[in-house]
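Structure, as structure tokens:
The values are calculated or read from the model by the stated rules, or taken from the named source; none is laboratory data. Worth saying up front: this structure is predicted, and the values here are computed from it rather than measured. A quick note on method: Cβ atoms are made from the backbone with ideal geometry, for glycine too, and the neighbour counts reach across all protein chains shown.
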Amino acid sequence: MKARLPKGYNSGVDNLQKLAMQAQKMQEEMNVLNSELEGKEYIGTSGGGAVKVTVGGNMEVKNIEIESEIVNKDELEMLSDLIIVATNDALSSAMNEKNEKMERLSAGLNMPGLF
């Protein structure tokens with residue numbers, strides 16, 4: 001004799017499996033997106049373009065360009081401040097794009113407290 005389960009009895013397991021598959025797919029898409037973003041470069045500027053800092057999507061500083069007109073031994077502190085501003089500008093651009101794309105990617109998954 002076969003036992004009969006009530007209609008919809010297995011739906012909780014099915015929902016859990018669907019959720020796990022959806023989470024796995026999202027993880028794979030996030031990994032692809034992270035790889036793409038790490039290959040990008042972002043440029044931050046300060047001092048009207050006198051200082052340019054290039055950072056990678058992996059948040060590493062790749063290049064710093066300083067126009068020779070602003071280099072003055074007496075104003076090294078100002079130069080340091082300009083480099084900091086340009087670096088933070090470039091890093092902010094990289095983080096904003098990453099957050100925007102990750103948010104867009106995870107928008108379809110409704111898991112309170114996780115995203």
Check: What is the residue count in the range 28-58 for residues that are surrounded by fewer than 14 Cβ atoms within 10 Å (Cβ to Cβ) and aliphatic (A, V, I, L, M)?
Finding: 1
Checklist line | Pair list, Cβ < 8 Å and 6+ apart or interchain, from the range 54-71 residues that are of a type in the set (D, E, K, R) to residues that are part of a loop (DSSP other than H, G, I, E, B) and surrounded by 14 or more Cβ atoms within 10 Å (Cβ to Cβ) | finding: E67/A50; E69/A50
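What are the residues in the range 50-80 that are outside any helix (DSSP H, G or I) and basic (K, R), if any? Steps first, please.
Here is the first cut: in the range 50-80, the residues outside any helix (DSSP H, G or I) are 50-67, 71-72.
Within the range 50-80, K52, K62 meet the criteria.
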Next item on the list: Select from the range 1-49 the residues that are of a type in the set (A, V, I, L, M), outside any helix (DSSP H, G or I) and either touching a helix residue (DSSP H, G or I) at 6+ places or on another chain (Cβ under 7 Å) or at pLDDT 85 or above (or both) and list them in ascending order.
Entry: I43
Notebook entry, point to check: Among the residues of the range 83-108, which ones are among the small types (G, A, S) and closer than 14 Å to Y42 by Cβ?
Noted result: A86, A90, S92, S93, A94
Margin query: Quick check on L109: is it assigned to a loop (DSSP other than H, G, I, E, B), modelled with pLDDT under 85, at negative phi and surrounded by fewer than 16 Cβ atoms within 10 Å (Cβ to Cβ)?
Written below: yes
